[in-house]
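To start, the structure itself, in structure tokens.
The values are calculated or read from the model by the stated rules, or taken from the named source; none is laboratory data. This one's a predicted model, so the numbers in the text were calculated from it and none came from an experiment. Counting neighbours? That spans all protein chains shown, and the Cβs are built from the backbone with ideal geometry, glycine included. Surface accessibility is based on the protein's heavy atoms, side chains included, excluding ligands, DNA and RNA. Shrake-Rupley method; radii C 1.70, N 1.55, O 1.52, S 1.80 Å.
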Amino acid sequence: MDEQAQVFRAQLHLGRELHRPISVHCVSAFGKLHELLQQHAPFPGGLMLHSWVGPAEMMDALAKLEGVYFSLSGHLTRMSKKKYEPMVKRVPLNRLLLETDAPDGKPRLGEPYQQKLFSIQGQTNSNEQELNHPANISVMLELLADIRGEDAEKIADAAYANATRLFMFV
């Protein structure tokens with residue numbers, strides 16, 4: 001982990017120095033991620049936590065770091081509702097991003113969402129399976145709106161504004 005943390009620090013430094021967005025995908029190292037982000041914040045070019053599935057309890061502290069955005073995808077539905085619903089509710093609207101992570105991350109949802117999902121037949125690792133389709137972002141938007149008790153259009157507008165702010169650099 002030390003070598004990985006050292007390389008990650010260098011990438012954070014480079015993103016800050018160049019005022020460019022940083023994309024981070026964290027798997028099972030959320031405490032270390034939080035520690036490193038606190039040491040290197042703020043992020044003037046922004047920092048996207050790609051396909052965020054970290055603990056809801058950590059989100060408030062991460063949201064206090066300037067430039068940090070939470071990008072939600074179908075991966076969060078692989079967690080229990082008990083875990084992902086509090087997380088979805090805690091994402092500040094001005095830090096929320098939506099993504100599909102297609103062809104990975106096909107949402108695993110019950111009704112009424114399941115019947116709305118699109119699939120692509122494909123292969124990964126020599127196993128034929130249904131792959132995620134980019135159009136499923138609309139299903140994830142509907143799910144988030146239902147969980148948050150907010151209008152889907154309001155969330156879509158905020159996510160669009162956030163993505164534009166994060167990725168439109170000159």
With the cut-off at 24 Å, tell me which of the pairs Lys83/Lys106; Lys32/Lys83; Lys64/Lys106; Lys32/Lys106 have Cα atoms farther apart than that.
Lys64/Lys106; Lys32/Lys106
Go through the range 93-101 residue by residue and turn each phi into a ³J(HN,Hα) via Karplus (6.51, -1.76, 1.60, θ = phi - 60°); whole Hz please, and just put x for glycine and proline.
4, 7, 10, 8, 10, 10, 8, 9, 6
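Would you mind working out the accessible area per residue for the range 30-120, using a 1.4 Å probe, and quoting it in Å²? Don't skip to the answer; put the middle values down first.
Values: 4080 Å² over 91 residues.
On a per-residue basis, 45 Å².
Tell me the mean residue ellipticity at 222 nm calculated for the chain from its helices only (DSSP H runs of n ≥ 4, each -39500 (n - 2.57), averaged over every residue, nearest 500).
Counting only the DSSP helices, I get -13500 deg cm²/dmol.
Probe radius 1.4 Å, ligands and nucleic acids ignored: give me the carbon and sulfur share of the accessible area of the chain as a rounded percent. Write down the numbers at each step before the final one.
On the way: 4800 of 9400 Å².
That fraction is 51 percent.
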Report the charge-dipole magnitude of the chain in Debye, nearest 20, computed about the Cα centre from +1 at each Lys and Arg Cβ and -1 at each Asp and Glu Cβ.
280
Please work out the Cα center distance from the range 133-170 to the range 35-74, rounded to the nearest Å.
17
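For Cα pairs less than 8 Å apart in space and 6+ apart in sequence, what is the mean separation divided by the residue count of the range 1-150, i.e. the relative contact order in percent? Before the final figure, lay out each step's value.
On the way: 225 pairs, mean separation 25.8, N = 150.
Answer for the range 1-150 is 17 percent.
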